[in-house]
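What follows is calculated from the coordinates using simple rules that are stated; it is not laboratory data. Being a predicted model, the structure only gives us computed values, none of them experimental. Please note: Cβ atoms are built from the backbone with ideal geometry, for glycine as well, and neighbour counts cover all protein chains shown.
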Ligand code: MF3
Ligand code: CO
C-alpha cells in the first residue's frame, strides 16, 4: 500500500480528529494527581471523546480493551488502564487516538504526577524536544529518515536511548498506514516527503538501554532494565512549508 496523500477536504477531517485528540489529552492531564487510577483517566478520556460524537480509535483495535494507553514509569507504551493508583513522583505516558468522520488523530504525552525527580523531568523534556528536532525535517525536499536521524541524534546526545521495536506511522482513514517512521537511523533516506502526507511521529525514549519486553498481559511494553521511559507523539501534516501539527491546540 502506498503512502496516502490527503486532499483539502480530507485534511479538514484530519484537523477535526486531531483537535479532539489534543482536547482529550488536556482533559486527561487535568485529572492527573496522586491517588487517581489509570482506569479513571481512561474513563474521563472515553467519556469526552464520545461527548464529541467521536470514537476512541484504540478501543477494539487488535483486541485492545481500552480507550487510552496509560504507561507508568518503566512502562514504555501500551499500558493497560487498571485500578493502579498514581503516586507522587510517578511519570505517566498517555496515548490516545480519536476517530471521527472516517479519520483518525493520534497523540501521546508524558506527564509528571506531583513532584518528580530532576532526571525524570529531563527525560520528559528531551523526549518532547526530540520530536521538535525531528520535525525540522518534516518538509518537502527532505526524506522520512531525515526526521528519524534528527530524533536519534538529539536523544543520544543527551544521554538517553530511542526504542527500536516500535515506530511511528502514517495515519488517515486507518490509524496505522505506511510509512513506518523509526526514531533511529536506517540505511538510506527513506521516502521523499510530499505535501498532503499525514504522519504520527512518536519518539519513545528510555533513560538507559533501548531494549524492551512485553508483559504477560500481552500489551504492556516495559524497559528491560526497569528504568523509566517517556513518549511524545503528534499527528503532523506535511505542507508546502512548515509542518502543521494537528494534535496541538
Ligand atoms: N498510539 C499507538 C500507536 O501509535 C496505538 C496504540 S495501540 C492500541 O501505534 F492497540 F492500543 F491501539
Ligand atoms: Co501512534
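The Rg/Rh ratio of the chain, with both radii computed over alpha carbons and Rh defined as the Kirkwood radius, is 0.95. Computed over region 71-205, the P(r) curve from all C-alpha pair distances, binned at 5 Å from the origin, holds 2, 10, 18, 21, 19, 15, 9, 4, 2, 0 percent per bin.
Computed on region 127-249, with alpha-carbon pairs under 8 angstrom and 6+ residues apart, the relative contact order is 28 percent.
Kirkwood analysis of region 129-249, using all unique Cα-Cα pairs, places the hydrodynamic radius at 14.7 Å. Computing FRET efficiency as 1/(1 + (r/R0)^6) for residue 1 and residue 164, where r is the C-beta to C-beta distance and R0 is 25 Å, gives about 0.60. Were the residues from residue 211 through residue 31 laid out at 0.36 nm apart, the gain over their Cα-Cα distance would be 61.7 nm.
Using Cα centres only, tell me the gap between region 41-56 and region 107-171 in whole Å. Here the two parts' Cα centres lie 27 Å apart.
A simple packing score, the average count of other Cβ atoms within 10 Å per residue, orders the peptides 82-91, 103-112 as 103-112, 82-91, with the highest score first. How large is log10 of I(q)/I(0) for region 46-99 at q = 0.14, 0.24, 0.31 Å⁻¹ when the intensity is taken from the Debye formula with one equal scatterer per alpha-carbon? These q points yield log10 I(q)/I(0) values of -0.39, -0.94, -1.20.
What percent do you get for the relative contact order of region 8-245 when only Cα pairs under 8 Å and 6+ apart count? That works out to 20 percent. Spin-label model, residue 122 to residue 195: label points 7 Å out along the Cα-to-beta-carbon direction sit 4.3 nm apart.
For region 183-249, what is the relative contact order in percent, using Cα pairs closer than 8 Å and at least 6 residues apart in sequence?
34 percent
For region 12-102, the C-alpha radius of gyration sits at 1.05 times the compact-globule guess of 2.2 N^0.38 Å, with N the residue count. The length gained on full extension between residue 239 and residue 140, counted as 0.36 nm times the residue separation minus their Cα-Cα distance, comes to 34.9 nm.
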